[in-house]
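Working notes, structure below.
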């Protein structure tokens, strides 16, 4: 009986290793490096646009800018996945795109609701806009990290913890600090991931 249990445990470990290898390959097919670069640019352009609207005293447009900017970033991410997976079977390509959509659409919906709250609730100041957005992005990276790679998990943990700490200690400068850290961090991560291929 003990030998049979050992054999079953070894088979389970082999199955888990195969699943992790397959998940990492799927992450490679999705163009994770380019997607990180896209969302890094999203962070930098989001802050830049927000500041321009603030300078023009168009405060309601600050949040709408982030939502509007998420649309091309999202579609560019889907295009990257389609392009990276074009050598794969149609079934795998559809599965990857469907998984991406099912994963990110609820997070983008949450981000949009939080932005709307910042715009319409007088008790919630606009300077929470960027921390809310980046908490949602960090949560996405945490979930991806749990599924795929420890490095993405660490990136999500650092982003999440950094957002909380900066927001609590430096709320007046949080938008600038977090946008720069996330933007540059994601772009560098994307370049590293692309270089590893």
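None of the figures in this text is laboratory data; all of them are computed from the coordinates on show. Please read these numbers as outputs of a predicted model, since none were measured by experiment. When we count neighbours, we look across all protein chains shown, and the Cβ atoms used for this are built from the backbone with ideal geometry, even at glycine.
Would you calculate the separation in nanometres between label points at residue 116 and residue 71, each defined as 7 Å from the Cα along the Cα-to-beta-carbon direction? That separation, rounded to one decimal, is 1.5 nm. For residue 90 and residue 48, the difference between the fully extended length at 0.36 nm per residue and the C-alpha to C-alpha distance is 11.2 nm.
Based on the Cβ-Cβ distance of residue 98 and residue 143, what FRET efficiency does E = 1/(1 + (r/R0)^6) give at R0 = 25 Å, to the nearest 0.05? The computed FRET efficiency comes out at 0.95.
Applying 0.36 nm per residue to the separation of residue 82 and residue 157 and subtracting their alpha-carbon distance, the gain on full extension is 24.2 nm. With the Cα gyration tensor of the range 93-197 giving a ≥ b ≥ c as the square roots of its eigenvalues, does the rule (a/c under 1.5 for rounded; else a/b larger than b/c for prolate; else oblate) give rounded, prolate or oblate? Judged from the Cα gyration tensor, the range 93-197 comes out oblate (a/c at least 1.5, b/c at or above a/b). Model label sites at residue 170 and residue 127, defined 7 Å from Cα along the beta-carbon direction, differ in position by 1.3 nm.
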